[in-house]
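Peer 1: Dumping the structure here so I can ask a few things about it.
What follows is calculated from the coordinates using simple rules that are stated; it is not laboratory data. Given the structure is predicted, the values throughout are model-derived calculations rather than measurements. Cβ coordinates were reconstructed from backbone atoms using ideal geometry, including for glycine residues, and neighbour counts include every protein chain displayed.
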Amino acid sequence: MGKPKIRWLVSLLIILNIPLVLFLRACDLFGLRFRFGEIRTHVLGHFVFDIEYYLRKKKLVNSKSIDLFFITGDTSNIQWLKMVKRKVFISPVVEILFRANALLPNYKTYQIEKIPERVSSRDYDGIFERTELEIAFTPEENDKGKIFLRNLGIESTDKFICLMVRDAAYKNSLSEKRDWSYHNYRDSNINTYVEAINALADKGYWVFRMGKLVIDPLNTLHAKIIDYASSDLRNDFMDIWLSANCSMCISTGFGLDEVPGINDIPTVFVNLLPLQHIPLYKFSLTHPKRLIWRETGDLLNIDEYMQHSYISSGEYEAAGIRIVDLTSEEINKTVMEMESVLRGERLLSDAQLHYQEQLIQSIFDLDKEKKRRYQYHLDKRAGIASMFLDQHLAGNRKK
């Protein structure tokens, strides 16, 4: 059947289902409200965060509506979809009802409210602090995950950490025809993280290098470090289970880190850009990449970091800004700072604490001036790496 015929058939189905939608709307008279909505499944970060946020908010406001969903796009993780289906009704038929409803007056009343596009899958009103996890594993699934660890020699008392370092492999796999190089500013060299994960392994932690597709192997022979992303061990189930059960996550900022995020697992964000996207709404410690003026060699100040919060490599180049990745030593020190937080030993100086408060307030204030905002809610456990604070404190003293 050709595309024109398929479109004609779909249009006919939509029109034929208008009476059914009107009937479901009429159920309002009996205290039953039916709503229709879509779930984005092709981008894992949105897929994970958005549905968990929806479920928590629905419970918090005690909504009694009967919500029906359909999915759009390829599914980025089969296991997550399986878990979501245990919590909400999903059917392709709902898309027909959704589109039929959109043809009628007052259609938004019967659409499921999505997280506003302007806040881009962020807990903008602090709902996660006031609610418990909704999408969880079954006892059988947890047993499966524990058996996986046991087969690797990892005991139930051992702690493990997930390392999530972005490179170009995954995006390039989505479409060979599309040029994804504008995203290169977000990539990192996996082997600049070896010093940090070796240090963690020496402290007794196991480390899993995560990722669905990666370019370079992880160059370390430490027995407690597993290049899971490059191995035959990797699968959709363990991607989610490991991410939901780790003691800490190290990330450069990509979709899978939303799994530890919704599970309230502390996350170190290193080499993150742009600064405007700093995840201050969750338990985190962040050290961005360095931004340096090509003409002077000076580090950008916080106002300039926020002003030049670009989302393509070309924009940084056009603005005369050089992007510099953190060194292995800087990554290690930032990771160890978060590890000390987990042990309750992190001690910032009074000057650092004061300056961190100033920086965070500046980020919120400057974010308000942007056309698209990202900062709405502050988790009191969110912080900025002390090395980043010191660099900017030193810059301020020079001025």
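Peer 1: Sorted from largest down, what three extents in whole angstroms do the Cα atoms of the stretch 7-130 have along their principal axes?
Peer 2: In descending order, the Cα extents are 42, 33, 29 Å.
Peer 1: Now for a separate question. Among all the lysines, which ones have a C-alpha under 22 Å from LYS144's C-alpha, if same-chain residues fewer than 8 places away are not counted?
Peer 2: Here the lysines satisfying the reach criterion relative to LYS144 are LYS82, LYS85, LYS87, LYS159, LYS212, LYS224.
Peer 1: Please report the projected area of the stretch 304-385's Cα convex hull averaged over all directions, in nm².
Peer 2: Averaging across all directions leaves 6.9 nm² for the Cα convex hull.
Peer 1: Using per-residue counts of other Cβ atoms within 10 Å, averaged over each peptide, order 50-61, 9-20, 97-108 from highest down.
Peer 2: Details: 50-61: 18.2, 9-20: 13.3, 97-108: 15.6.
The densest-packed peptide leads the list: 50-61, 97-108, 9-20.
Peer 1: Output the 0 to 90 degree angle, nearest 10, between the alpha-carbon long axis of helix 3-16 and the longest principal axis computed from the alpha carbons of the chain.
Peer 2: The helix 3-16 is inclined about 60 degrees to the chain.
Peer 1: Sticking with this structure for a sec: Between GLN307 and ASN106, how high is the FRET efficiency from 1/(1 + (r/R0)^6) when r is the Cβ-Cβ distance and R₀ = 45 Å? Nearest 0.05.
Peer 2: E(calc), rounded to 0.05, equals 0.60.
Peer 1: Based on the Cβ-Cβ distance of ASN191 and ASP74, what FRET efficiency does E = 1/(1 + (r/R0)^6) give at R0 = 25 Å, to the nearest 0.05?
Peer 2: Computed FRET efficiency for ASN191 and ASP74 comes out at 0.25.
Peer 1: What is the helix-to-structure angle for 328-342, meaning the angle in degrees between its Cα long axis and the longest Cα principal axis of the chain, kept from 0 to 90 and rounded to the nearest 10?
Peer 2: 70
Peer 1: Along the Cα→Cβ direction, 7 angstrom out, place labels at LYS5 and ALA199. What is the inter-label distance in nm?
Peer 2: 6.5
Peer 1: Next question, about the same structure. Using the crude model of +1 on Lys and Arg Cβ and -1 on Asp and Glu Cβ, and no other charge, please compute the dipole size for the chain relative to its Cα centre, in debye to 20.
Peer 2: Details: 54 positive and 52 negative charges, 318 e Å.
Using only the charged Cβ atoms, the result is roughly 1520 debye.
Peer 1: Can you flag which of LYS57/LYS203; LYS57/LYS371; LYS5/LYS58 are past 31 Å Cα-Cα?
Peer 2: Values: LYS57/LYS203 39 Å; LYS57/LYS371 26 Å; LYS5/LYS58 39 Å.
Exceeds cut-off: LYS57/LYS203; LYS5/LYS58.
Peer 1: Dipole size in debye (nearest 20) for the stretch 213-288 around its Cα centre, Lys and Arg Cβ +1, Asp and Glu Cβ -1?
Peer 2: Numbers: 3 positive and 8 negative charges, 46 e Å.
It works out to roughly 220 debye.
Peer 1: Just round it to a whole percent: the fraction of Cα-Cα distances in the chain exceeding 42 Å.
Peer 2: Cα-Cα pairs of the chain separated by over 42 Å account for 19 percent.
Peer 1: To the nearest 0.05, how large is the calculated FRET efficiency for SER156 and LEU133 if R₀ is 25 Å and r is the Cβ-Cβ distance?
Peer 2: Numbers: r = 20 Å, r/R0 = 0.82.
Given R0 = 25 Å and the Cβ-Cβ separation, E is 0.75.
Peer 1: So what's the angle, to the nearest 10 degrees on a 0 to 90 scale, between helix 44-60 and the longest Cα principal axis of the chain?
Peer 2: Computed tilt is about 70 degrees.
Peer 1: Still on this structure: For the chain, give the share of DSSP beta bridges that are antiparallel, in percent and rounded to the nearest 5; count only bridges with both residues there.
Peer 2: Percent antiparallel among DSSP bridges in the chain is about 15.
Peer 1: Helix-derived [θ] at 222 nm for the chain: sum -39500 (n - 2.57) over DSSP H runs of at least 4, divide by residue count, nearest 500?
Peer 2: Only helices count here, giving -12000 deg cm²/dmol.
Peer 1: Between ALA318 and ILE15, 0.36 nm times their residue separation minus their Cα-Cα distance comes to what?
Peer 2: Values: separation 303, 0.36 × 303 = 109.08 nm, distance 5.00 nm.
My answer for the length gained is 104.1 nm.
Peer 1: Within the stretch 218-242, find all residues whose amide N lies under 13 Å from a label point positioned 7 Å from the Cα of ASP143 along Cα-to-beta-carbon.
Peer 2: Output list for this probe position: empty.
Peer 1: Now a separate question. Projected onto the charge dipole of the chain (+1 at Lys/Arg Cβ, -1 at Asp/Glu Cβ, origin at the Cα centre), which of SER121, LEU378, ASN219 gives the Cα projection farthest towards the positive end?
Peer 2: The residue sitting farthest along the positive end of the dipole is SER121.
Peer 1: While we're here: Considering just Cα atoms, how many Å³ per residue does the convex hull of the stretch 299-348 enclose?
Peer 2: Cα-based convex hull of the stretch 299-348, divided per residue, equals 118 Å³.
Peer 1: Right, another one. In the chain, with Lys and Arg counted as +1 and Asp and Glu as -1 at Cβ, which of these residues, THR131, VAL165, ALA199, has the Cα nearest the positive end of the dipole, that is, farthest along it?
Peer 2: Farthest towards the positive pole: THR131.
Peer 1: Would you kindly give the portion of the calculated P(r) for the stretch 117-158 that falls above 18 Å, as a percent of all Cα pairs?
Peer 2: Values: 478 of 861 pairs.
Tail of P(r) above 18 Å: 56 percent of Cα pairs.
Peer 1: Let me check against my output: what whole-number percent is the relative contact order of the stretch 7-130, with C-alpha pairs under 8 Å and at least 6 apart?
Peer 2: Value for the stretch 7-130: 34 percent.
Peer 1: Another question about this same structure. Given N residues in the stretch 219-299, what is its alpha carbon radius of gyration divided by 2.2 N^0.38 Å?
Peer 2: On the way: Rg = 15.7 Å, N = 81, 2.2 N^0.38 = 11.7 Å.
Working it through for the stretch 219-299, the quotient is 1.34.
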